[in-house]
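Novice: I have a structure here, written as structure tokens, and I will follow up with some questions on it.
The values are calculated or read from the model by the stated rules, or taken from the named source; none is laboratory data. None of these values were measured; they are calculated from a predicted model. Quick reminder, even Gly has a Cβ in these numbers, built from the backbone with ideal geometry, and neighbours come from all protein chains shown.
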Amino acid sequence: AQSVTQLDSQVPVFEEAPVELRCNYSSSVSVYLFWYVQYPNQGLQLLLKYLSGSTLVKGINGFEAEFNKSQTSFHLRKPSVHISDTAEYFCAVSDRETSGSRLTFGEGTQLTVNP
Amino acid sequence: KAGVTQTPRYLIKTRGQQVTLSCSPISGHRSVSWYQQTPGQGLQFLFEYFSETQRNKGNFPGRFSGRQFSNSRSEMNVSTLELGDSALYLCASSLAGVRSGNTIYFGEGSWLTVV
């Protein structure tokens, strides 16, 4: 079984400031890692995913994340945020060993970008 | 290319009733998953169907059921509704699953309110 912990439930930042949203995971098997974003009254949109290879993953809208196996972390970063980045962000994992599309999500981090 | 389509978007039901939600995956996608999102429990996996067979199942009572048709469209049913079933129900589709490296795409969800 897997579990995901998003260390901050709310992150307020000013526009054009850098931001880091933290995600730690626990699993007895190897995992795939994901970050999704959810805008108000909408579904989830994939920002980026780590399947294998380079531990630094670049996604859409200028976001990137780094997979750290020893620390079991997958933190999301953006060097300069915009008002439009205000949304809830979810970290998720999936078991590499079994087939299927089952994702285990963290509780989410509400990012609020202030002018 | 049309995205994942869920109907209805909003509905209100009374305790004890049953409800059926529908999901049309992206054309060509054979895997359909369902998730429940609530403020208290977050995003929780319900079940996944692949080629009309249930491939994975979450920890929900038997009142929650689903099925997939030969055209990959899926329905989920909740019987004997309880107040705690009020949630956003999200459908997700992928070509064949995460293990194949496929992206999982989410619909905008069906908002269910039980009164």
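Novice: Out of B:SER93, B:SER79, B:SER74, I need the residue that is touching a residue at least 40 places away in the same chain (Cβ under 8 Å), within 19 Å of B:GLY58 (Cα to Cα) and surrounded by fewer than 17 Cβ atoms within 10 Å (Cβ to Cβ). Which one? Give the steps one after another, and end with the answer.
Specialist: Values: B:SER93 fails: surrounded by fewer than 17 Cβ atoms within 10 Å (Cβ to Cβ); B:SER74 fails: surrounded by fewer than 17 Cβ atoms within 10 Å (Cβ to Cβ).
So the residue among B:SER93, B:SER79, B:SER74 that is touching a residue at least 40 places away in the same chain (Cβ under 8 Å), within 19 Å of B:GLY58 (Cα to Cα) and surrounded by fewer than 17 Cβ atoms within 10 Å (Cβ to Cβ) is B:SER79.
Novice: Can A:VAL81 be described as crowded, with 20+ Cβ neighbours inside 10 Å, of a type in the set (A, V, I, L, M), within 22 Å of A:GLU16 (Cβ to Cβ) and more than 10 Å from the chain's Cα centre (by Cα)? Walk me through it before giving the result.
Specialist: On the way: crowded, with 20+ Cβ neighbours inside 10 Å: yes; of a type in the set (A, V, I, L, M): yes; within 22 Å of A:GLU16 (Cβ to Cβ): yes; more than 10 Å from the chain's Cα centre (by Cα): yes.
Judged against the criteria, A:VAL81 is a match.
Novice: Okay, next question. Would a scan of the range B:96-104 turn up a residue that is surrounded by fewer than 19 Cβ atoms within 10 Å (Cβ to Cβ), of a type in the set (D, E, K, R) and within 13 Å of chain A (Cβ to nearest Cβ)? Break it down into steps so the answer makes sense when it comes.
Specialist: So in the range B:96-104, the residues surrounded by fewer than 19 Cβ atoms within 10 Å (Cβ to Cβ) come out as B:96, B:99-103.
Adding the requirement that they be of a type in the set (D, E, K, R) leaves B:99.
Checking the rest, the ones that are also within 13 Å of chain A (Cβ to nearest Cβ) come to B:99.
Yes, there is a match, as at least one residue in the range B:96-104 is surrounded by fewer than 19 Cβ atoms within 10 Å (Cβ to Cβ), of a type in the set (D, E, K, R) and within 13 Å of chain A (Cβ to nearest Cβ).
Novice: Only one of B:ASN77, B:ASN71 is away from every other protein chain (no Cβ under 13 Å), farther than 22 Å from A:LEU51 by Cα and not in a strand (DSSP E or B); which? Reasoning before the result, please.
Specialist: On the way: B:ASN77 fails: not in a strand (DSSP E or B).
Result: B:ASN71 is the single residue among B:ASN77, B:ASN71 that is away from every other protein chain (no Cβ under 13 Å), farther than 22 Å from A:LEU51 by Cα and not in a strand (DSSP E or B).
Novice: Spot the failing condition for B:ARG63; the list is (1) within 14 Å of the chain's Cα centre (by Cα); (2) charged (D, E, K, R); (3) more than 14 Å from chain A (Cβ to nearest Cβ); (4) crowded, with 16+ Cβ neighbours inside 10 Å, and only one is missed.
Specialist: It fails just one condition, (4).
Novice: Let me ask something else. Are there strands (runs of 3 or more DSSP E) fully within the range A:25-115 with at least 1 residues that are within 14 Å of chain B (Cβ to nearest Cβ), touching a strand residue (DSSP E or B) at 6+ places or on another chain (Cβ under 6 Å) and free of Cβ contacts under 8 Å to residues at least 40 places away in the same chain? List them. Talk me through it step by step, then tell me what you get.
Specialist: Working: elements: A:31-38, A:44-50, A:56-58, A:64-68, A:73-78, A:87-95, A:109-114.
Because the criterion is at least 1 residues that are within 14 Å of chain B (Cβ to nearest Cβ), touching a strand residue (DSSP E or B) at 6+ places or on another chain (Cβ under 6 Å) and free of Cβ contacts under 8 Å to residues at least 40 places away in the same chain, the strands (runs of 3 or more DSSP E) in the range A:25-115 that meet it are A:44-50, A:56-58.
Novice: Let me ask you something else. If you scan the range B:1-51, which residues turn out to be modelled with pLDDT of 95 or more, aliphatic (A, V, I, L, M) and either under 23 Å from B:LEU83 (Cβ atoms) or part of a loop (DSSP other than H, G, I, E, B) (or both)?
Specialist: B:VAL4, B:LEU11, B:ILE12, B:VAL19, B:LEU21, B:ILE26, B:LEU43, B:LEU46
Conditions (1) surrounded by fewer than 21 Cβ atoms within 10 Å (Cβ to Cβ); (2) in contact with a Leu (Cβ under 8 Å, 6 or more places away or on another chain), marked per residue:
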site	(1), (2)
B:THR7	yes, yes
B:CYS23	no, no
B:ILE26	yes, no
B:SER31	no, yes
B:GLN37	yes, yes
B:TYR49	no, no
